[in-house]
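> Mind having a look at this structure? Questions to follow.
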Amino acid sequence: MRSMGMDRATEVFWQTGAHRWDTLAENGTTIVFERGDDYAIIAASIEPVTDLDELRAREHEEGFFRMTAIGNPDSINTVLDRLQEQARAGSLGSLRGSGELPAPSRAMFQGDTMAGLAQRHRHWLGKHEGHRWDFFYSENPLPVQPGDDMIQRLDLGTWRAEIERVISASNPITSALEDLDSLTWYGYVDGELLGGAMGVERRVDLDGIEGSHFAGLGTDPALQGRGIGGAVMSGTINRELEETAIVTFGMWSWNDRARKLYHKLGITQGHSYSTLARTPLQEYA
């Protein structure tokens with residue numbers, strides 16, 4: 001993985017997010033996409049826009065214009081100042097027209113980047129902060145956990161109903177079931193019952209290296225406390241690392257129970273990320 005002059009956790013987050021950045025670029029919606037020695041920033045709309053007037057006309061649409069920024073806060077502050085100056089001068093990339101650059105409706109920052117963000121930019125982006133989540137990754141196999149021999153790759157034709165039952169009961173706010181058919185599933189199999197399940201998406205990073213991204217870990221609520229969640233997580237990581245270079249996933253920062261488990265298993269915790277917005281953010285719990 002190429003070095004960007006950042007710490008390892010920041011590099012992993014940016015590199016393994018390539019599928020998101022590439023999709024925005026391919027859709028023609030990227031307004032800003034920069035990577036420097038110690039920072040990276042991307043700002044994009046959900047539909048292509050050709051001039052600043054159109055962007056300003058739609059700035060209050062929820063989620064229409066979004067930003068992600070990571071790395072050195074001094075560099076990000078400098079970039080944001082420059083972008084605003086370019087907008088006023090009419091030289092902001094491919095956008096025609098000149099004037100004030102509207103603030104994104106949502107701007108996600110790495111925790112240390114947010115901490116060093118200049119007040120002028122915080123005021124511009126909005127006073128509401130929330131949606132804090134933590135990034136985890138593993139590049140090396142984990143110690144084998146009790147119950148590892150019960151972990152299997154699941155055939156959807158056989159296990160669909162059980163996956164839906166376990167995930168919806170233990171993790172009702174996950175979006176994993178919406179993507180059920182596009183994910184590879186692993187589970188703790190006990191006869192005809194599923195004690196726990198994990199969905200996996202294969203992704204390719206900016207260097208073309210394949211990795212695994214986890215979604216939808218769940219344990220049957222009636223069986224929690226028996227080590228099944230740890231067995232599913234470590235077993236899935238170890239099996240995926242036989243075929244890919246890295247495993248990544250995120251979790252809401254309030255989930256102290258999950259964080260304790262991941263630390264116990266030896267998974268590496270990266271940075272936290274949170275969002276600034278001009279309107280209150282609805283938290284997920």
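The values are calculated or read from the model by the stated rules, or taken from the named source; none is laboratory data. If you're wondering where the values come from, they're calculated on a predicted model, not measured in any experiment. Every residue, glycine among them, receives a Cβ derived from its backbone with ideal geometry; neighbour counts consider all protein chains shown. Ligands, DNA and RNA are excluded from the accessible area calculation, which covers all protein heavy atoms including side chains. Shrake-Rupley method; radii C 1.70, N 1.55, O 1.52, S 1.80 Å.
> Go ahead and collect, in residue order, the members of the stretch 217-256 whose backbone nitrogen is under 15 Å from a label point 7 Å along the Cα-Cβ direction of H263.
Output list for this probe position: 253-256.
> Computed from these coordinates, which is percent of Cα pairs over 23 Å apart: (1) 53; (2) 67; (3) 58?
Of the listed options (1) 53; (2) 67; (3) 58, (3) comes from this structure.
> If the viscosity is 1.567 mPa s and the temperature 4 °C, what Stokes-Einstein diffusion coefficient in µm²/s follows for the stretch 12-67 when Rh is the Kirkwood radius over Cα pairs? It would help to have the intermediate numbers written out before the result.
Working: Rh = 12.1 Å.
This corresponds to a translational diffusion coefficient of 107 µm²/s.
> In whole Å, what three semi-axes, largest first, describe the equivalent ellipsoid of the stretch 68-176 built from its Cα gyration tensor (square root of 5 times each eigenvalue)?
44, 18, 14
> Let me ask another. Where does the longest stretch of the chain lie that holds no chymotrypsin sites (Phe, Trp or Tyr not before Pro) found in a DSSP loop with 15 or fewer other Cβ atoms within 10 Å?
The segment 1-253 is the longest one with no such site.
> Oh, and also: Report, to the nearest 10°, how far helix 156-170 tilts away from the longest principal axis of the Cα atoms in the chain, using its own Cα long axis and a range of 0 to 90°.
Once rounded, one gets 70 degrees.
> Round to the nearest 10 and report in Å² the accessible area of H60, as given by a 1.4 Å probe over the protein chains' heavy atoms.
Near enough 150 Å² of accessible area.
> Give the dimensionless ratio obtained when the Cα radius of gyration of the stretch 160-208 is divided by 2.2 N^0.38 Å.
With N residues counted in the stretch 160-208, Rg over 2.2 N^0.38 Å equals 1.30.
> Now for a separate question. Determine, for each peptide in 226-237, 68-79, the mean count of other beta carbons within 10 angstrom over its residues, then list the peptides with the highest first.
On the way: 226-237: 23.8, 68-79: 21.0.
Order by mean packing, descending: 226-237, 68-79.
> Here is a follow-up. Which net charge results for the neighbourhood of R120, defined as the other residues with beta-carbon distances under 14 angstrom from its beta-carbon, given Lys and Arg at +1 and Asp and Glu at -1?
Local net charge: -1.
> Normalised by the number of residues in the stretch 1-140, what is the relative contact order in percent for Cα pairs under 8 Å and 6+ residues apart?
Once normalised by length, the contact order is 21 percent.
> A further question on this structure: Evaluate the stretch 162-285: find the radius of gyration of its Cα atoms, find its Kirkwood radius, and give the ratio Rg to Rh.
Rg/Rh for the stretch 162-285 comes to 0.97.
> Further question: Report the paramagnetic label zone for E54: residues of the stretch 80-122 whose backbone N is under 18 Å from a point 7 Å from Cα along the Cα-to-Cβ axis.
87, 90-105
> I've got another one for you. Rounded to the nearest percent, how much of the accessible area of the stretch 232-285 (1.4 Å probe, protein heavy atoms only) is carbon and sulfur? Walk me through the numbers on the way to the answer.
Working: 1300 of 2580 Å².
Carbon with sulfur: 50 percent of the solvent-accessible area.
> Find out how many positive minus negative residues lie around T68, taking Lys and Arg as positive, Asp and Glu as negative, among other residues whose Cβ is under 14 Å from that of T68.
After counting each charged neighbour, the total is +2.
> Relative to the longest principal Cα axis of the chain, at what angle does helix 73-89 sit, 0 to 90 degrees, rounded to 10?
Helix 73-89 sits at roughly 50 degrees to that axis.
> Go ahead and set up a Gaussian network model of the chain, Cα springs under 10 Å, then flag whichever of T174, T113, T158 fluctuates most.
T158
> Right, something else. I need the Debye-formula profile for the stretch 115-159: one equal scatterer per C-alpha, no solvent, reported as log10 I(q)/I(0) at q = 0.13, 0.28 1/Å, two decimals.
The computed values of log10 I(q)/I(0) come out as -0.66, -1.04.
> Okay, moving on. Using helices alone, what [θ] at 222 nm do you get for the chain, with -39,500 (n - 2.57) per DSSP H run of 4 or more residues, divided over all residues and rounded to the nearest 500?
-9500 deg cm²/dmol
> Something else about it: How much accessible area per residue does the stretch 1-92 have, in Å², with a 1.4 Å probe?
Here the per-residue accessible area is 44 Å².
> For the stretch 1-125, what log10 I(q)/I(0) values come out of the Debye formula at q = 0.10, 0.17 1/Å, with one point per alpha carbon and no solvent?
One equal scatterer on each Cα of the stretch 1-125 leads to -0.30, -0.88.
> Okay, next question. Describe numerically, in nm with one decimal, the distance between label points set 7 Å from Cα along Cα→Cβ at Q224 and at R20.
Output for this residue pair reads 2.7 nm.
> Mind pulling the angle between the C-alpha long axis of helix 256-265 and the longest principal axis of the chain? Nearest 10 degrees, somewhere in 0 to 90.
Taking Cα atoms only, the helix is inclined about 70 degrees.
> Hey, another quick one. I'd like the GluC sites (Glu not before Pro) in the stretch 234-285 restricted to DSSP loop residues with at most 11 other Cβ atoms within 10 Å, sorted by number.
Hits after loop and neighbour filter: E242, E243, E283.
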